Amino acid sequence: MSRPAPCPIYTLRGAGAPLNTLHFRCPGGDTPLLFSGSAKGAIHIWNLNSRRAEMVVEGHCGNSVIWVSTLRSGDSLMSQGRDMQVCLWDLKEGRSEAVDSVWTGSVGFCQCSLLETSPSNYLLAFAGSQTEEIKIIEMPSKNPVSTLIPDTKLGMVMCIKLWKSDSGLGPLLFAGYEDGSLLLWDVTQRSELSHVKAHPEPIMCLTFDPRHLRGVSGSCEKKLSSWMLDNQNNIQLQDCVMLVNPGVSQLRIRDDSRLLASAGWDHRVRVFSWKKLQPLAVLQYHTDMVLSLAFSDHQDPRQRLLAAGSKDQRISLWSIYNERADTG
């Protein structure tokens with residue numbers, strides 16, 4: 001017998017707007033938190049024990065919040081809004097003060113990417129004011145590191161991912177563009193390492209597994225495109241995963257490299273084994289587009305959650321494949 005379709009273990013309501021971005025912080029011993037950014041400019045900090053918002057941060061003048069993240073220290077929150085600002089918030093002792101901000105100049109929906117290089121420094125990548133421009137700065141100094149502009153016209157920057165290779169190279173960055181191109185950049189050298197046409201349509205989202213040098217991207221089509229890096233840092237296109245309905249908002253790989261989740265325009269979350277890209281589950285709860293996903297960082301694998309945020313203004317939380325399930 002096949003397993004019955006899973007149900008969310010609980011839902012969070014009260015954001016009052018579509019949920020564009022989600023981020024967990026579940027350190028051992030402290031209260032597990034989920035951060036959400038909404039289309040009306042609010043950041044909700046949800047206490048997962050009480051299942052209520054313990055704080056609401058309003059910092060982007062009512063403009064849509066499209067990305068939130070925390071630093072490893074746990075006391076600093078970063079948010080990006082469509083007011084062209086990235087804000088840094090101090091969460092110590094329950095405060096919600098913006099202590100710094102960066103002006104991006106970008107009017108698009110490309111989410112920032114963060115790479116912590118030391119306990120006190122990190123790189124921040126974001127789409128710039130020019131259509132194809134990506135800027136990388138060092139924080140908290142705001143010193144410019146590089147500006148990346150492709151040699152050919154690829155259209156708007158749609159999604160980016162900063163990461164650090166074990167090979168001794170400096171920081172690298174994947175970027176998906178409006179024409180369906182996927183580029184790998186050497187941030188320090190400001191040079192293109194590889195360029196492939198991953199989709200015929202704009203790349204809406206991508207994610208990458210540095211441990212296995214594999215990634216996957218999605219667009220408005222009925223498929224996901226998987227790819228990997230060879231030992232010369234060339235992107236090699238691999239299999240395509242066909243979907244029932246078109247449109248993917250976001251992709252996430254769980255930290256243990258076992259699961260891939262996709263947020264669908266068809267109101268569904270699809271779960272695949274990351275190793276073989278076999279479909280495992282279709283999570284049906286939402287009544288509108290699923291816009292955002294996040295896997296929790298619980299130290300105990302049995303407590304791990306998957307959160308999905310939707311245009312229907314609700315967040316669903318799921319516990320799936322946390323035991324020793326065969327996920328391919």
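The values are calculated or read from the model by the stated rules, or taken from the named source; none is laboratory data. Remember, it's a predicted structure, so these values are computed and weren't measured experimentally. Ideal geometry is used to build each Cβ from the backbone, glycine not excepted, and the neighbour counts take in all protein chains shown. SASA here: full protein model, heavy atoms, side chains in, ligands and nucleic acids out. Shrake-Rupley method; radii C 1.70, N 1.55, O 1.52, S 1.80 Å.
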Next item on the list: Looking only at the range 17-29, decide whether some residue is more than 24 Å from D90 (Cβ to Cβ) and of a type in the set (S, T, Y).
Entry: no
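Table: residues versus (1) part of a loop (DSSP other than H, G, I, E, B); (2) β-branched (V, I, T).
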| position | (1), (2) |
| --- | --- |
| V269 | no, yes |
| F272 | no, no |
| K276 | yes, no |
| L283 | no, no |
| T287 | yes, yes |
| L293 | no, no |
| A307 | no, no |
Next item on the list: May I ask you to say which residue of L34, L22 is within 17 Å of the chain's Cα centre (by Cα) and either closer than 23 Å to S106 by Cα or open to solvent by 30 Å² or more (accessible area, probe 1.4 Å) (or both)?
Entry: L22
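Do you know which residues across the range 296-325 are under 19 Å from the mean Cα position of the chain (by Cα) and open to solvent by 70 Å² or more (accessible area, probe 1.4 Å)?
Step one: of the range 296-325, the residues under 19 Å from the mean Cα position of the chain (by Cα) are 296-298, 304-311, 313-318.
Matches in the range 296-325: K311, Q313.
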Check: Right, C61: crowded, with 20+ Cβ neighbours inside 10 Å, more than 16 Å from L305 (Cα to Cα) and either at pLDDT 95 or above or of a type outside the set (A, V, I, L, M) (or both) or not?
Finding: no
Notebook entry, point to check: Just one of the numbered conditions (1) under 17 Å from the mean Cα position of the chain (by Cα); (2) open to solvent by less than 20 Å² (accessible area, probe 1.4 Å); (3) closer than 14 Å to R314 by Cα is not true of A39; which one?
Noted result: (2)
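Of the residues in the range 164-196, how many are more than 16 Å from D230 (Cα to Cα) and without any contact (Cβ under 8 Å) to a residue 60 or more places away in the chain?
Counting residues in the range 164-196 that are more than 16 Å from D230 (Cα to Cα) and without any contact (Cβ under 8 Å) to a residue 60 or more places away in the chain gives 13.
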Next item on the list: Within the range 1-53, count every residue that is part of a loop (DSSP other than H, G, I, E, B) and touching a Phe, Trp or Tyr at 6+ places or on another chain (Cβ under 7 Å).
Entry: 4
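Of the residues that make up the range 232-247, is at least one crowded, with 21+ Cβ neighbours inside 10 Å, in contact (Cβ under 8 Å) with a residue 40 or more places away in the chain and under 20 Å from the mean Cα position of the chain (by Cα)?
no
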Next item on the list: Mind listing whichever residues of the range 130-147 are polar (S, T, N, Q) and either under 19 Å from M204 (Cα atoms) or surrounded by 22 or more Cβ atoms within 10 Å (Cβ to Cβ) (or both)?
Entry: Q130, T131
Check: Which residues, counting only those in the range 199-230, are open to solvent by less than 10 Å² (accessible area, probe 1.4 Å) and either modelled with pLDDT under 95 or assigned to a loop (DSSP other than H, G, I, E, B) (or both)?
Finding: H199, I203, S219
Check: Which ones in the range 106-124 are in a strand (DSSP E or B) and touching a residue at least 60 places away in the same chain (Cβ under 8 Å)?
Finding: S113, L123
Checklist line | Positions within the range 1-56 being farther than 16 Å from G309 by Cβ and of a type in the set (A, V, I, L, M), in sequence order | finding: M1, A5, M55
